[in-house]
Amino acid sequence: MELKDIKSVYFVGAGGIGMSAIARFFISHGQVVAGYDKTPSALTKQLEHEGMLIHYEENINMIPHACRDNKSCLVVYTPAVPADHKELVYFRENGFEIQKRAQVLGTLTRAHKGLCVAGTHGKTSTSTMCAHIMHQSHLDCNAFLGGISKNYATNCILSDSDYVVIEADEFDRSFHWLTPWISVITSTDPDHLDIYGTKEAYLESFRKYSSLIMPGGALIIHKDLEMKANLQDGVRCYEYSLDERDFHAENIRIGNGEIVFDFISPIENVPNVKLGHPIPINIENGVAAMAMAQLSGCNAEELKYGMSTYKGVDRRFDFKIKTDNLVLLSDYAHHPNEIYHSAKSIRELYKDRQITVIFQPHLYTRTRDFYKEFADSLSLVDEVVLCEIYPARELPIEGVTSQLIFDNLQPGVKREMINKDNVIDYIKNRDFDVLVILGAGDLDSYVPQITKILQKRCQ
């Protein structure tokens, strides 16, 4: 179904971060937008306020009349919804065009110049940074992001621009639906092995993705990746890293809460780039974001302005309290390498302070496959408090618990196991210097309450 033929869109699983961005796109273009979600949330309530019709009961009778024409209604679903969902079955049996979120994004990359960021980690920050640079430039952009941009309080940027910035998700090979114009690949550390099975299959999936970049476009790939790209004729290839290759940073200055560096590029060097969200890991992410924006046509002043005014992403190194006596931040990191880079950045920022991490592992399979690596990464901090595993889509695996990580932490690291439901009481009865709430599960839902408790101590 082409975009011009769509009069209404129905979302089965409306409240996900990625689904909501697409919903906002169609709302802005005047289509009737409706859908189902299991439970209300702040995000679904906001979508309702913006004009989306949402219900929370699995009931085909609640599907709006405007979404019952199979010739003009596009159905979008998330793989998190079971195949026997009553509404999904109704649409399937009645001849509706049903697409995954990634397929819809693929349609958008064919209708625009797609600037796509793929990788095991770093893709949300990098894509959001690039979207902000582009949006503030003469080029502008649309964007569909994997997190809430603090600059715009949304995961969706809409405009009349020819460009669209997309976070390319490797989960269940979704990014194979995309047709990028320019793509960054940040990392290919094996993940989602419950789906891919082997590291080799995971790397092959990224190789396949690289072959989808359009002739005339470009790949910007981190220098250290194990994967080998498979590019079409006419696709340029650049490498980047923190401190070497085609795009990199030089003359890095960190101090007084600021980070400034020189951006080195085969197109044009840009001196004295100031990070608006001054986190060490954002230097390398920023190099990738600037590279993609520069190849798209942004000039030096636009790059500098975009980087200096970038405010970050919710749950990505997200400071809630930042005082001389107490720091609280929330971070979505949930893969060992993400945690390593997060912990390393925290340690660089707070060299002489006591760092405590409360971590909720995400998925039994990921814990089973990487518990030693989790332990090594977490051992960069002073104290680790472990909650039970957040299962998401999985059933328990015998013998796989947070204890595996606990037992493999390095000697000298203080450690404790607590039930997630006891976290608030734990916070109330402890003093902290630097506290990090870490992981991709539901522990983050406690962060607003934790923030209020700790803010009172700062008054």
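Checking each residue in the stretch 78-119 for being among the hydroxyl-bearing types (S, T, Y) and buried (at least 21 other Cβ atoms within 10 Å of the Cβ) picks out only T109. Of all the numbered requirements in (1) more than 15 Å from V436 (Cβ to Cβ); (2) crowded, with 16+ Cβ neighbours inside 10 Å; (3) small (G, A, S), S379 misses one, and that requirement is (1). The condition (being basic (K, R) and farther than 22 Å from V32 by Cβ) is satisfied by just one residue among R110, R101, R68, R92: R110. Which numbered condition trips up A14, out of (1) in contact with a Ser or Thr (Cβ under 9 Å, 6 or more places away or on another chain); (2) among the aliphatic types (A, V, I, L, M); (3) farther than 15 Å from N155 by Cβ; (4) in a loop (DSSP other than H, G, I, E, B)? The one condition A14 does not meet is (3). Residues in the stretch 382-421 that are surrounded by 13 or more Cβ atoms within 10 Å (Cβ to Cβ), in a loop (DSSP other than H, G, I, E, B) and either outside the structural domain of I358 (by TED's automatic domain parsing) or of a type in the set (A, V, I, L, M) (or both): I389, A392, I397, V400, L409, V413, I418.
Got a sec? Which of S161, S127, S137 is out of contact with any strand residue (DSSP E or B) (no Cβ under 7 Å at 6 or more places or on another chain), of a type in the set (G, A, S) and touching a residue at least 24 places away in the same chain (Cβ under 8 Å)? Going through S161, S127, S137 in turn, the sole match is S137. Selection of first residues in the stretch 94-107 that are farther than 17 Å from D172 by Cα and of second residues that are in a helix (DSSP H, G or I) and modelled with pLDDT under 95, restricted to Cβ pairs under 8 Å at least 6 apart or on distinct chains, gives the following pairs, ordered by first then second residue: T107/L3. Total residues in the stretch 247-284 satisfying the condition of being in contact (Cβ under 8 Å) with a residue 40 or more places away in the chain and over 22 Å from the mean Cα position of the chain (by Cα): the figure is 3. Looking at the stretch 144-236, the strands (runs of 3 or more DSSP E) lying wholly inside it that each contain 2 or more residues that are within 27 Å of E373 (Cα to Cα) and either of a type in the set (G, A, S) or within 20 Å of the chain's Cα centre (by Cα) (or both) sit at 163-168, 182-185, 218-222. Taking the stretch 422-454 as the range and being at negative phi, assigned to a loop (DSSP other than H, G, I, E, B) and either acidic (D, E) or surrounded by 16 or more Cβ atoms within 10 Å (Cβ to Cβ) (or both) as the test, the residues that pass are D431, F432, D433, A440, G441, D442.
Residue-level check: of (1) under 25 Å from the mean Cα position of the chain (by Cα); (2) without any contact (Cβ under 8 Å) to a residue 40 or more places away in the chain, V75 misses just (2). If the condition is being part of a helix (DSSP H, G or I) and either outside the structural domain of G399 (by TED's automatic domain parsing) or among the basic types (K, R) (or both), then the stretch 332-377 contributes K344, R347, R366, R368, K372.
When each of E87, E48 is tested for being free of Cβ contacts under 8 Å to residues at least 12 places away in the same chain and at negative phi, the lone residue that passes is E48. Among the residues of the stretch 186-216, count how many are in contact (Cβ under 8 Å) with a residue 60 or more places away in the chain and small (G, A, S). So the answer is 1. If you go through the stretch 33-89 and pick out every residue that is touching a Lys or Arg at 6+ places or on another chain (Cβ under 9 Å), farther than 24 Å from A392 by Cα, aliphatic (A, V, I, L, M) and assigned to a loop (DSSP other than H, G, I, E, B), you end up with 1. Please enumerate the residues belonging to the stretch 261-276 that are farther than 16 Å from M129 by Cβ, out of contact with any His (no Cβ under 8 Å at 6 or more places or on another chain) and β-branched (V, I, T). Matches in the stretch 261-276: I267 only.
The values are calculated or read from the model by the stated rules, or taken from the named source; none is laboratory data. All figures in this text were calculated on a predicted structure; none of them were measured in a lab. Positions of Cβ are generated from backbone atoms using ideal geometry, with glycine treated the same way; all protein chains shown enter the neighbour counts.
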